[in-house]
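Report on the structure given below.
The values are calculated or read from the model by the stated rules, or taken from the named source; none is laboratory data. All of these numbers come straight from a predicted model, not from anything done at the bench. So basically every Cβ, Gly included, is an ideal-geometry build from the backbone, and we count neighbours across all protein chains shown.
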Amino acid sequence: MSCKCEEKKFEMSLIAAGFGGQGLMVLGQLVAYTGIAEGRHVSWIPSYGPEMRGGTANCCVIVSSEEIGAPVVSEADVIVVMNQPSFDKFKSEVKQGGILLYNSDLIKAEGVRPDIRLIGVPANQVAEESGSDKVANIAMLGATVAASGIVGDAACVETLKEKLGKKKPEYLPMNISTYEKGKSFVK
């Protein structure tokens with residue numbers, strides 16, 4: 001799917017939520033960095049629960065063709081959730097016609113409105129098959145980009161190479177492979 005941001009006027013919001021340590025902040029940052037690389041206006045705001053690792057964490061990202069008036073997202077075009085508490089909290093905050101992507105390995109998706117698109121991704125399984133449980137967020141990133149077009153696919157792969165490949169180049173092939181596997185769950 002190509003980036004919807006190629007249209008003249010474009011704005012899309014994303015909320016990514018889960019437990020601290022699941023990589024949701026990185027997922028949001030990668031979307032934000034990709035939006036910037038595409039020449040868009042971007043906001044990224046993290047929110048952490050009072051706990052350290054294992055507590056709740058989420059971030060809001062807006063990618064827009066125009067200046068962003070307020071970075072707060074109350075209803076998102078796309079929501080990515082990695083655990084049951086986040087699913088229960090954010091499932092009602094998807095805009096009508098929006099997309100809710102969830103980690104089907106950890107979430108029982110119940111009580112979802114019929115006016116949104118629901119996409120389950122076995123992110124933990126994909127990560128384990130890829131060789132590291134730490135890349136479940138990258139599987140969700142691939143599915144998010146494929147389902148929503150919030151940023152362009154090719155640009156996102158370049159961002160992965162730039163932001164993750166420089167720090168630990170030995171893990172780049174695994175990250176790219178996991179990203180591609182995540183996309184395969186979007187029909």
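Could you check, for region 7-23, whether at least one of its residues is touching a helix residue (DSSP H, G or I) at 6+ places or on another chain (Cβ under 6 Å), exposed (fewer than 15 other Cβ atoms within 10 Å of the Cβ) and closer than 28 Å to ILE176 by Cβ? For region 7-23, residues touching a helix residue (DSSP H, G or I) at 6+ places or on another chain (Cβ under 6 Å), exposed (fewer than 15 other Cβ atoms within 10 Å of the Cβ) and closer than 28 Å to ILE176 by Cβ: absent. Restricting attention to region 89-103, the residues that are modelled with pLDDT of 95 or more and out of contact with any helix residue (DSSP H, G or I) (no Cβ under 8 Å at 6 or more places or on another chain) total 9. Among the residues making up region 12-49, those that are of a type outside the set (A, V, I, L, M), within 19 Å of LEU101 (Cβ to Cβ) and either assigned to a helix (DSSP H, G or I) or touching a Pro at 6+ places or on another chain (Cβ under 6 Å) (or both) are GLY28, GLN29, THR34, GLY35.
Considering only region 27-45, state which residues are closer than 24 Å to MET82 by Cα and either surrounded by 17 or more Cβ atoms within 10 Å (Cβ to Cβ) or modelled with pLDDT under 95 (or both). If you could, list the steps in order and put the result at the bottom.
If we filter region 27-45 for residues that are closer than 24 Å to MET82 by Cα, which is where we start, we get 27-35, 42-45.
Across region 27-45, the qualifying residues are LEU27, GLY28, GLN29, LEU30, VAL31, ALA32, TYR33, THR34, GLY35, VAL42, SER43, TRP44.
Within the bounds of region 121-134, is there any residue that is crowded, with 23+ Cβ neighbours inside 10 Å and either more than 12 Å from GLY182 (Cβ to Cβ) or touching a Leu at 6+ places or on another chain (Cβ under 9 Å) (or both)? So far as region 121-134 goes, yes, one or more of its residues are crowded, with 23+ Cβ neighbours inside 10 Å and either more than 12 Å from GLY182 (Cβ to Cβ) or touching a Leu at 6+ places or on another chain (Cβ under 9 Å) (or both).
Among the residues of region 70-99, those that are farther than 19 Å from PRO46 by Cα and surrounded by 18 or more Cβ atoms within 10 Å (Cβ to Cβ) comprise GLY98, ILE99.
Taking the conditions exactly as written (under 20 Å from VAL26 (Cβ atoms), among the basic types (Lys, Arg) and at pLDDT 95 or above), does LYS167 satisfy them or not?
Taking the combined requirement at face value, the residue does not satisfy it.
Of all residues in region 30-47, those that are over 16 Å from LEU141 (Cβ atoms) and in contact (Cβ under 8 Å) with a residue 24 or more places away in the chain have Cβ atoms under 9 Å from Cβ atoms of residues that are aromatic (Phe, Trp, Tyr) and surrounded by fewer than 22 Cβ atoms within 10 Å (Cβ to Cβ), 6 or more apart or on another chain, in ARG40/PHE10. Among residues that are under 21 Å from THR56 (Cα atoms), without any contact (Cβ under 8 Å) to a residue 60 or more places away in the chain and not polar (S, T, N, Q), ALA109 is included.
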